[in-house]
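Take a look at the structure below.
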């Protein structure tokens, strides 16, 4: 090869290399600083998001190499009009072949080690007396735990029972059994013991990241460390029957102090006392196919309300409960949960005039309505 051609080839190689550096550097920066799935609400989701960013950054480098070579070849090495000459023959290059085999092998091995490390951190238990921590991008980082939350608390155990089409939660540490709202404290590791009574379900809170299948006969676990206070939703991510889309449950992540108050309220809860006798109004309400037969109930004030409630869903629990608004933070009346087919009569005094929110506590996102007092 003549010196002029060799010099020109090196110039092209240098130009392509510079283009690769610019494109790859820009893409790597973009992928490492972009939240592809926003609103991470747990340390485990942050770990997963970090791993995804690393994968995209590595892919960006390969993309930059390929697109630069392809684009540069199209611009500078395309056949000119009228050129009928043969291209230069290219023979195998052993060094190049070894390079493009060894580099991906090293990357795959490194990713496997990093992935195993991330998975170990997600699944590792937190023994009593140990220091809580948050992991981010595979790095051990002490969590910024609020002053009201202890940094040496052991894992909070929550038993999760999935059945068509209901989520039930129990807190054995506090002797709280069968609640239909998941309440957990922020910055504390939660150990979910997940069971299914019938078919395969899957426990998933999108903001928390990992999901865990509930398989009949098995007892898988899932560990989550919530990092954001707020309201979320548990949903089943495994097709389980006609009511699959309705198989949700509310989730609240609260401060340690609010969680303690919630526990005390659950432990102190008793059956609703009978309301005073007097003028009353009777309402017939039916639950069937995971829906109420009425979306609006209107009653006069200063009366005793009697709800004749019939649950027609075979093997499925429902109830009737009234709250001040759709946030369901303050209850006015919470009826006993009954499993269908069965009936019950709820009796309670009508609240003050106004518009309220009623729902089934077991299916709080699909079985809802408006309770009006005039």
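Sub-8 Å Cβ pairs linking a first residue in segment 55-71 that is in contact (Cβ under 8 Å) with a residue 60 or more places away in the chain and assigned by TED's automatic domain parsing to the domain that holds residue 106 to a second residue that is surrounded by 13 or more Cβ atoms within 10 Å (Cβ to Cβ) and part of a helix (DSSP H, G or I), at least 6 apart or interchain, number zero. Restricting 339, 347, 370, 355 to those that are closer than 18 Å to residue 178 by Cα and in a strand (DSSP E or B) reduces the list to 339. Answer with yes or no whether residue 157 is touching a helix residue (DSSP H, G or I) at 6+ places or on another chain (Cβ under 9 Å) and not in a loop (DSSP other than H, G, I, E, B). Criteria met by residue 157.
Hand me the list of strands (runs of 3 or more DSSP E) wholly inside segment 207-315 holding 2 or more residues that are crowded, with 17+ Cβ neighbours inside 10 Å and within 25 Å of the chain's Cα centre (by Cα). Result: 211-214, 221-224, 230-236, 248-254.
Here residue 69 qualifies as touching a helix residue (DSSP H, G or I) at 6+ places or on another chain (Cβ under 8 Å), at pLDDT below 90 and under 19 Å from residue 15 (Cα atoms). Of the candidates 119, 105, 30, 55, the single residue that is within 24 Å of residue 205 (Cα to Cα), surrounded by fewer than 16 Cβ atoms within 10 Å (Cβ to Cβ) and at pLDDT 90 or above is 55. Within segment 161-175, not a single residue is free of Cβ contacts under 8 Å to residues at least 12 places away in the same chain and either surrounded by fewer than 19 Cβ atoms within 10 Å (Cβ to Cβ) or in the same structural domain as residue 362 (by TED's automatic domain parsing) (or both). All conditions but one from (1) in contact with a helix residue (DSSP H, G or I) (Cβ under 9 Å, 6 or more places away or on another chain); (2) within 28 Å of residue 205 (Cα to Cα); (3) in a helix (DSSP H, G or I) apply to residue 40; the one that does not is (3).
The values are calculated or read from the model by the stated rules, or taken from the named source; none is laboratory data. Everything numeric in this text was worked out from a predicted model, so none of it was measured. Neighbour counts are summed over all protein chains in view; Cβ atoms, including those assigned to glycine, are modelled from backbone coordinates with ideal geometry.
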